[in-house]
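The values are calculated or read from the model by the stated rules, or taken from the named source; none is laboratory data. Remember, it's a predicted structure, so these values are computed and weren't measured experimentally. Glycine also receives a Cβ, built like all others from the backbone with ideal geometry; neighbour counts cover every protein chain displayed. Quick note on the areas: whole protein, heavy atoms, side chains included, nothing else; ligands and nucleic acids left out. Shrake-Rupley method; radii C 1.70, N 1.55, O 1.52, S 1.80 Å.
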Amino acid sequence: MPPAASALIHEEPLLFERAHQQEKAIDLPGVHGEVPEALTPFLRHHRTGIAGLSEPEVVRHFVRLSQWNYHIESGFYPLGSCTMKYNPRLHEQLARLPGLADIHPDQPDATVQGMLSLLYDLQQWLGEIVGLPHVTLQPAAGAHGELVGMMMIHAYHASRGDHGRKIVLVPDSAHGTNPASAALCGFTPVELPSGADGRIDLTALRNHLSDQVAGLMLTNPNTTGMFESDIAEITRLVHQAGGLVYGDGANLNAMVGVARPGDMGIDCLHINVHKTFSTPHGGGGPGAGPVAVNAALAPFLPTPRIICEEGRFHLEHHSPQSIGSMLGAIGQSGVLLRAAAFIAAFGRDHLHKIAHDAVLNANYVRVRLQQAYHLPFPGICKHECLLTDAIQNRHGIKTLDIAKALIELGFHPMTIYFPLIVHGAMLIEPTENESLATLDAFCDAMLAIAQRAALGDTDAIMAAPSNAPRRRLDETRAARQPILTAEVTT
Ligand SMILES: *Cc1c(COP(=O)(O)O)cnc(C)c1O
């Protein structure tokens, strides 16, 4: 069956639906001679289920599907809280050098000194950047880093015989992984309501603090794009109550090279290196979430640790108070190498430019859009700007309609309906590497949508996208009832 095409976009069935019933994709030699007895249970008595298609048919199918993908290398990707940014080609090449890509995690230390040296340097650099000198590179993502951090905080309180601390405070603007990580560790997450300015409300914090609080998990700048300007007082209050402060470092882009979480009183922080230091991570991977801690938490870091003695590196497995090993290897080395290359390329003298330009770009977008769209928390934002659909609601237009209309105009939508603390959220993160022309084109598209809505010309917005191969999907059902395999007739 030939695929139905509109322009050059093919509408096509799954490979298994297209397979020619009587044709075989590959010819496997039959079984000759005696089958050893040990193998007889594995003899196949029915067709393999491999779709009967030729190689070009299969290759074209997958290449066509890949062209439906939108990605950071095909266009602007303003997803707030996800930091999709350019991944320099040079760093790809570096991570794929055979001497780095082809080694085995269980090789003797003496044969992987180069890799250990690079990862050791990365540990030192990350510790210096965030002001928390003791670092593990092991966690495989930000959320995994949160779990590692909360396990260390748990171990810290237990080591002091302080077993009554079961509560972890989490602001209502937090990423959903924060309360989940606390709960996975046996803590009870308790929601801290934000103040009217989108920041932590000091009175609410004081009211929630007690000798049952193990700590506070906080993101700074938080997910509304606002800097927690009371951070020094926040960390002081938590420490005074005997708790520790966990920093969600996903928004490090906003302050890398400018300000350090450790100096703000944060005890433990994960760094989403795939956000701040490149590596596109759409579709759930790959990533890495190194965790940096102060001296009080250092004994609990996962093992093995990369140790440097007299210029030689080795993996130290012995660490009596450690929470143990959190990954089969020392870390997601490919992602970590890209991060090391990214940091080295900027160097100590230029790293702050990431934060300056990321904040400048976000504020440029904010200022261009803040008349046309409702800005729930006025004032200067950090690296992402938060808008809502309140103005467009008057004409029946919702955030989802705006996102779909953006697709029609050639832009990937921003993050929508997150954070949850404002109704109809649109969180836009332009990142530092986007040009003025790109930002203007995006803002022009947003303003065109707002203008259409204001004129009551809403039909096209509500019907958008009309030219995309897929239009409005039941995303909830797709997430809850995914059909990942085709029924194969044998
Ligand atoms: C992305 C993100 C996380 C989770 O990080 P992953 O690397 O996706 O696991 C946690 N908190 C915030 C604020 C984030 O933006």
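Do you know which of the residues in region 426-453 that are assigned to a helix (DSSP H, G or I) and of a type in the set (D, E, K, R) is most open to solvent (accessible area, probe 1.4 Å)? Among those that are assigned to a helix (DSSP H, G or I) and of a type in the set (D, E, K, R), it is Arg452. For region 204-227, a residue qualifies if it is within 16 Å of the ligand (Cβ to nearest atom), out of contact with any strand residue (DSSP E or B) (no Cβ under 6 Å at 6 or more places or on another chain) and either of a type outside the set (Phe, Trp, Tyr) or not assigned by TED's automatic domain parsing to the domain that holds Thr276 (or both), and the qualifying residues are Leu218, Asn220, Pro221, Asn222, Thr223, Met226.
Within region 155-200, work out how many residues are β-branched (Val, Ile, Thr) and more than 16 Å from Leu269 (Cα to Cα). Qualifying residue count for the region: 4.
For region 49-64, the criterion of being in a loop (DSSP other than H, G, I, E, B), under 30 Å from Leu439 (Cα atoms) and not aromatic (Phe, Trp, Tyr) is met by no residue.
Residue-by-condition table, conditions (1) more than 20 Å from Gly242 (Cα to Cα); (2) more than 16 Å from the ligand (Cβ to nearest atom); (3) touching a Lys or Arg at 6+ places or on another chain (Cβ under 6 Å):
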residue	(1), (2), (3)
Lys166	no, yes, no
Asp172	yes, no, no
Thr177	yes, no, no
Ala182	no, no, no
Cys185	no, no, no
Thr188	no, yes, yes
Glu191	no, no, no
Ser194	yes, no, no
Leu202	no, yes, no
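Restricting attention to region 285-325, the residues being within 16 Å of the ligand (Cβ to nearest atom) and modelled with pLDDT under 95 number 3. The set of residues in region 54-84 that are in contact (Cβ under 8 Å) with a residue 24 or more places away in the chain and among the hydrophobic types (A, V, I, L, M, F, W, C) comprises Val58, Trp68, Ile72, Phe76, Leu79, Cys82, Met84.
For region 300-318, the criterion of a residue being part of a helix (DSSP H, G or I) and not hydroxyl-bearing (Ser, Thr, Tyr) is satisfied by at least one position. In contact with a Lys or Arg (Cβ under 6 Å, 6 or more places away or on another chain) and open to solvent by less than 30 Å² (accessible area, probe 1.4 Å): which single residue out of Ala292, Ala254, Ala298, Ala241 fits that description? None of the others qualify; the one that does is Ala254. On inspection, Phe377 qualifies as touching a residue at least 60 places away in the same chain (Cβ under 8 Å) and under 30 Å from Gly424 (Cα atoms).
Elements of the type helices (runs of 4 or more DSSP H) sitting completely within region 69-157 and holding at least 2 residues that are surrounded by 15 or more Cβ atoms within 10 Å (Cβ to Cβ) and either away from the ligand (no atom under 16 Å from the Cβ) or of a type outside the set (A, V, I, L, M) (or both): these cover 89-95, 113-130.
Scanning region 366-408 for residues being surrounded by 16 or more Cβ atoms within 10 Å (Cβ to Cβ) and touching a strand residue (DSSP E or B) at 6+ places or on another chain (Cβ under 8 Å) gives a total of 18.
Taking Leu420, is it open to solvent by 50 Å² or more (accessible area, probe 1.4 Å), in the same structural domain as Lys382 (by TED's automatic domain parsing) and farther than 16 Å from Gly225 by Cβ? No: the conditions fail for Leu420.
Of the numbered criteria (1) surrounded by fewer than 18 Cβ atoms within 10 Å (Cβ to Cβ); (2) within 21 Å of Leu218 (Cα to Cα), the one Ser325 fails is (2). Of the residues Arg348, Arg394, the single one that is modelled with pLDDT under 95 and more than 15 Å from Met446 (Cβ to Cβ) is Arg348.
Name the single residue, out of those in region 222-238 being open to solvent by 10 Å² or more (accessible area, probe 1.4 Å) and assigned to a loop (DSSP other than H, G, I, E, B), that is farthest from Ala425 (Cα to Cα). Selected residue: Asp230. The selection criterion, being assigned to a loop (DSSP other than H, G, I, E, B) and either more than 12 Å from the ligand (Cβ to nearest atom) or surrounded by fewer than 18 Cβ atoms within 10 Å (Cβ to Cβ) (or both), does not hold for Gly262.
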